[in-house]
Amino acid sequence: MSKWEDNKAWFLVLPVFLVVAFSAIIPLMTVVNYSVQDILGPGDRVFVGDEWYRDVLTDFRLHEALWRQIVYSFCVLAIEVPLGIGVALTLPKKGWGVSACLVLLALPLLIPWNVVGTIWVVFSRPDIGLTGVTLNNLFGIPYNFTANPVHSWLTVLIMDVWHWTPLVILLCYAGLRAIPEAYYQAAKIDGASRFAVFRYIQLPKMRGVLLIAVLLRFMDSFMIYTEPFVLTGGGPGNSTTFLSQYLTKMAVGQFDLGPAAAFSLVYFLIILLFSYIFYTVISSFDKGEA
Amino acid sequence: MAFSLSNVDKIVGKETYLKNVSLTFESGSQNVILGRTLAGKTTLLRIMAGLDKPTKGKLMENGADVTGVSVRKRSVAMVYQQFVNYPSLSVYANIASPLRLAGMAKAEVDRRVRETAAMLHIEPLLNRLPAELSGGQQQRTAIARALVKDAQLLLLDEPLVNLDYKLREELRVELQQIFKARDSIVVYTTTEPTEALMLGGNIVVMHEGRVLQSGPTAEVYHNPASISVAAVFSDPPINRIETRVKGGFAELGRILSVPLDGHLTGLPEGDYIFGVRSNHLFLNRQHERDIKITAKVELAEINGSETFIHVIYNGAPLVVQEEGIHQRKLGSEIDIYVRARKFYIFDAKGPLVRAPRIEAA
């Protein structure tokens with residue numbers, strides 16, 4: 001009997017195919033379907049080919065949103081990763097302080113995203129918010145995040161740092177705790193400086209968790225929606241309209257399903273591409289990890 | 001150089017890790033610290049290195065007090081149970097790291113790194129990263145890092161424990177050669193009596209934070225000061241047979257009388273513990289004067305080319321070590337043979353009363 005004749009094993013893989021089909025492929029194909037048709041009404045549709053794609057790719061407001069998004073994600077990573085590493089290095093290593101710090105740090109992670117937005121709205125309002133009033137009345141800075149695009153940007157960024165740096169800290173802390181004490185002793189015996197210990201022991205040993213932290217923070221920040229939606233609603237003007245918000249405006253606000261679907265796919269491909277680049281670049285540095 | 005510890009205690013919280021440890025080490029000596037887990041071996045090494053401070057007592061280096069002097073100012077190198085290397089540095093940079101930190105000239109660093117790498121047979125691996133090496137090669141790199149700086153005190157904390165049997169044997173032989181050629185003080189901890197015997201030199205037997213006995217390794221092996229030393233320095237632990245000596249006879253396990261002759265002649269009456277190592281118990285009569293006892297089989301464990309048969313003799317456990325593979329039915333009564341001239345006689349309280357004569361071969 002040739003080895004190709006007995007194909008019963010395929011039945012065992014079938015459930016996985018079904019699950020993947022229902023969870024990923026069918027929804028994705030619906031979007032693909034919308035992206036190449038103009039839906040005029042129920043049961044009334046026209047095939048339009050790549051028209052929506054051309055529309056979307058030449059839409060200058062989308063380009064703006066994309067650049068805004070890239071700058072935003074870059075800022076998020078540039079602040080949260082070093083800050084996370086820094087805080088993780090200063091956390092206590094034993095005693096009651098460990099659990100106290102970890103619980104306090106994890107608190108922002110436990111708050112639902114729209115609540116985070118609401119908290120920051122209340123916190124930042126120039127008329128009643130703690131920060132708003134303090135900045136305006138105590139320091140005389142005319143802070144108003146609903147009117148000034150720079151203030152609005154900074155507020156969204158600081159909110160993200162407050163919300164998500166704890167995740168980076170927790171990951172780095174776990175990475176640091178996994179380094180055997182013997183490494184520090186060996187470095188001490190060698191006479192290595194504090195910086196050398198960080199550069200040659202802690203950083204290389206944290207590479208694995210840092211890769212995960214960067215990927216998670218990149219993907220999450222690149223898809224950010226809820227918090228700025230609640231906080232600024234994308235404004236003032238379009239100054240804090242990121243990709244997700246623009247997409248939602250298109251699909252829900254204007255009910256342009258075709259362009260929104262085409263945009264979704266482009267968006268998905270961009271995230272996939274960036275994640276792939278990040279992963280390859282970082283894991284090529286990653287060989288030294290024991 | 002001479003290095004000594006006097007009356008060193010280490011107490012953390014309510015836990016006593018070391019109690020009244022006094023030892024002296026001379027330059028060019030190889031010293032093995034033998035003890036089971038939790039005997040205080042690692043604590044002792046850390047204190048010697050200056051990584052930890054003793055709670056009480058003094059460390060002296062050539063007569064100068066170095067208690068509490070930071071490890072950075074001392075001439076110490078250490079190898080650990082785990083394979084500790086800088087993960088992002090090549091093998092070359094790893095070995096060179098202590099020299100570079102000490103600010104040595106480049107050419108000299110290069111010469112020493114290559115020389116040490118050659119000694120440990122890792123020359124072809126100099127450009128690799130530690131993660132690209134096998135466990136044995138990683139530990140060779142870590143040992144090279146410790147050797148390269150020619151420290152006066154070379155401490156090795158169970159360096160071969162995480163390696164497989166073959167590599168362990170191989171590296172053990174090489175290390176012994178390397179240590180012999182150096183004039184630093186080598187201190188090597190282990191839990192295995194066989195390893196201690198192979199490395200030779202001097203031995204310190206530790207148990208529960210105390211030094212039980214120290215001296216030349218072979219001498220301590222043949223004349224353990226007490227039943228505890230004999231137990232730590234035998235694998236499996238030395239067999240004990242409670243014995244009463246009365247009227248010119250020794251009553252083994254209080255049931256079998258044997259005449260007192262050989263090194264037992266003239267043993268005063270009283271209660272003793274007769275100790276005999278497992279390799280002096282046999283399944284078959286080897287010698288006409290071996291004593292036959294009957295015992296019940298509890299367990300037969302085959303370990304490589306040896307068999308350990310655990311038996312109960314008059315309520316007390318004994319282990320017979322035999323070359324080759326032997327099967328014995330569990331629960332059956334078997335005859336085993338004890339070589340009487342190999343008995344160690346301990347007082348009922350523990351100290352050695354008489355040791356067997358050392359015979360050639």
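Yes/no per residue for (1) open to solvent by 40 Å² or more (accessible area, probe 1.4 Å); (2) in a strand (DSSP E or B); (3) touching a strand residue (DSSP E or B) at 6+ places or on another chain (Cβ under 6 Å); (4) among the hydroxyl-bearing types (Ser, Thr, Tyr):
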{"site": "B:GLU169", "(1), (2), (3), (4)": "yes, no, no, no"}
{"site": "B:ARG172", "(1), (2), (3), (4)": "no, no, no, no"}
{"site": "B:VAL186", "(1), (2), (3), (4)": "no, yes, yes, no"}
{"site": "B:GLU219", "(1), (2), (3), (4)": "yes, no, no, no"}
{"site": "B:PRO237", "(1), (2), (3), (4)": "yes, no, no, no"}
{"site": "B:THR243", "(1), (2), (3), (4)": "no, yes, yes, yes"}
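Being in the same structural domain as B:LEU167 (by TED's automatic domain parsing), at pLDDT below 90 and over 22 Å from B:ALA181 (Cα atoms) holds for only one residue in B:ARG100, B:ARG128, and it is B:ARG100. Within segment A:256-273, not a single residue is over 30 Å from B:LEU89 (Cβ atoms), more than 14 Å from chain B (Cβ to nearest Cβ), at pLDDT below 85 and in contact with a Pro (Cβ under 8 Å, 6 or more places away or on another chain). Checked against (1) buried (at least 16 other Cβ atoms within 10 Å of the Cβ); (2) on the phi > 0 side of the Ramachandran plot; (3) of a type outside the set (Asp, Glu), A:GLY49 passes all but a single condition, namely (1). Among the residues here, B:ALA102 qualifies as out of contact with any Phe, Trp or Tyr (no Cβ under 9 Å at 6 or more places or on another chain), facing chain A (nearest Cβ under 9 Å) and under 18 Å from A:TYR184 (Cα atoms). Taken over segment A:189-207, the residue count meeting the criterion of being closer than 28 Å to B:VAL69 by Cα and either more than 8 Å from every other protein chain (Cβ to nearest Cβ) or assigned to a helix (DSSP H, G or I) (or both) is 12.
When you scan segment B:311-324, do you find a residue that is open to solvent by less than 20 Å² (accessible area, probe 1.4 Å), of a type in the set (A, V, I, L, M, F, W, C) and assigned to a loop (DSSP other than H, G, I, E, B), even just one? No, segment B:311-324 contains no residue that is open to solvent by less than 20 Å² (accessible area, probe 1.4 Å), of a type in the set (A, V, I, L, M, F, W, C) and assigned to a loop (DSSP other than H, G, I, E, B).
Taking residues in segment A:88-99 that are within 27 Å of A:ARG207 (Cβ to Cβ), and partners anywhere that are charged (D, E, K, R) and modelled with pLDDT of 90 or more, not one pair has Cβ atoms closer than 6 Å while being at least 6 places apart or on different chains.
Considering each residue of segment B:326-361, count those that are of a type in the set (Val, Ile, Thr), at pLDDT 85 or above and open to solvent by 100 Å² or more (accessible area, probe 1.4 Å), and give that number.
Narrowing segment B:326-361 to residues of a type in the set (Val, Ile, Thr): B:334, B:336, B:338, B:345, B:353, B:358.
Okay, now just the ones that are also at pLDDT 85 or above, so B:334, B:336, B:338, B:345, B:353.
Among the residues that remain, those that are also open to solvent by 100 Å² or more (accessible area, probe 1.4 Å) are: none.
Residues flagged as of a type in the set (Val, Ile, Thr), at pLDDT 85 or above and open to solvent by 100 Å² or more (accessible area, probe 1.4 Å) within segment B:326-361 amount to 0.
A count restricted to segment B:115-131 and to residues that are away from chain A (no Cβ under 13 Å) and either in contact (Cβ under 8 Å) with a residue 12 or more places away in the chain or on the phi > 0 side of the Ramachandran plot (or both) stands at 8.
Going residue by residue through segment B:143-158, is there one that turns out to be over 20 Å from B:GLY28 (Cβ atoms), within 12 Å of chain A (Cβ to nearest Cβ) and either touching a Leu at 6+ places or on another chain (Cβ under 8 Å) or assigned to a helix (DSSP H, G or I) (or both)?
Step one: filter segment B:143-158 for residues over 20 Å from B:GLY28 (Cβ atoms), giving B:144-145, B:157-158.
With within 12 Å of chain A (Cβ to nearest Cβ) added as a condition, the list becomes B:145, B:157-158.
Checking which are either touching a Leu at 6+ places or on another chain (Cβ under 8 Å) or assigned to a helix (DSSP H, G or I) (or both) leaves us with B:145, B:157.
Among the residues of segment B:143-158, at least one is over 20 Å from B:GLY28 (Cβ atoms), within 12 Å of chain A (Cβ to nearest Cβ) and either touching a Leu at 6+ places or on another chain (Cβ under 8 Å) or assigned to a helix (DSSP H, G or I) (or both), which makes the answer yes.
Of all the numbered requirements in (1) under 13 Å from B:GLN152 (Cβ atoms); (2) touching a Leu at 6+ places or on another chain (Cβ under 7 Å); (3) within 14 Å of chain A (Cβ to nearest Cβ), B:VAL66 misses one, and that requirement is (3).
Condition first: at the interface with another protein chain (Cβ under 9 Å from one of its Cβ atoms) and either within 25 Å of B:TYR188 (Cβ to Cβ) or under 25 Å from the mean Cα position of the chain (by Cα) (or both). Can you find one or more residues in segment B:132-140 that meet it?
We begin by selecting, within segment B:132-140, every residue at the interface with another protein chain (Cβ under 9 Å from one of its Cβ atoms); these are B:132, B:138.
If we keep only those that are either within 25 Å of B:TYR188 (Cβ to Cβ) or under 25 Å from the mean Cα position of the chain (by Cα) (or both) too, we end up with B:138.
For segment B:132-140, residues at the interface with another protein chain (Cβ under 9 Å from one of its Cβ atoms) and either within 25 Å of B:TYR188 (Cβ to Cβ) or under 25 Å from the mean Cα position of the chain (by Cα) (or both): present.
Entry remark, segment B:81-92: residues being crowded, with 24+ Cβ neighbours inside 10 Å and within 7 Å of another protein chain (Cβ to nearest Cβ) number 2 in total.
For first residues located in segment B:160-186 and free of Cβ contacts under 8 Å to residues at least 40 places away in the same chain and in the same structural domain as B:ARG74 (by TED's automatic domain parsing), partners that are open to solvent by less than 60 Å² (accessible area, probe 1.4 Å) and basic (Lys, Arg) and lie 6+ apart or on another chain with Cβ distances below 6 Å form the pairs B:LEU160/B:ARG168.
The values are calculated or read from the model by the stated rules, or taken from the named source; none is laboratory data. In this text the structure is predicted, and so the values were computed from the model without any measurement. Every residue, glycine among them, receives a Cβ derived from its backbone with ideal geometry; neighbour counts consider all protein chains shown. Note: accessible area is taken over every heavy atom of the protein model, side chains too, but ligands, DNA and RNA are not part of it. Shrake-Rupley method; radii C 1.70, N 1.55, O 1.52, S 1.80 Å.
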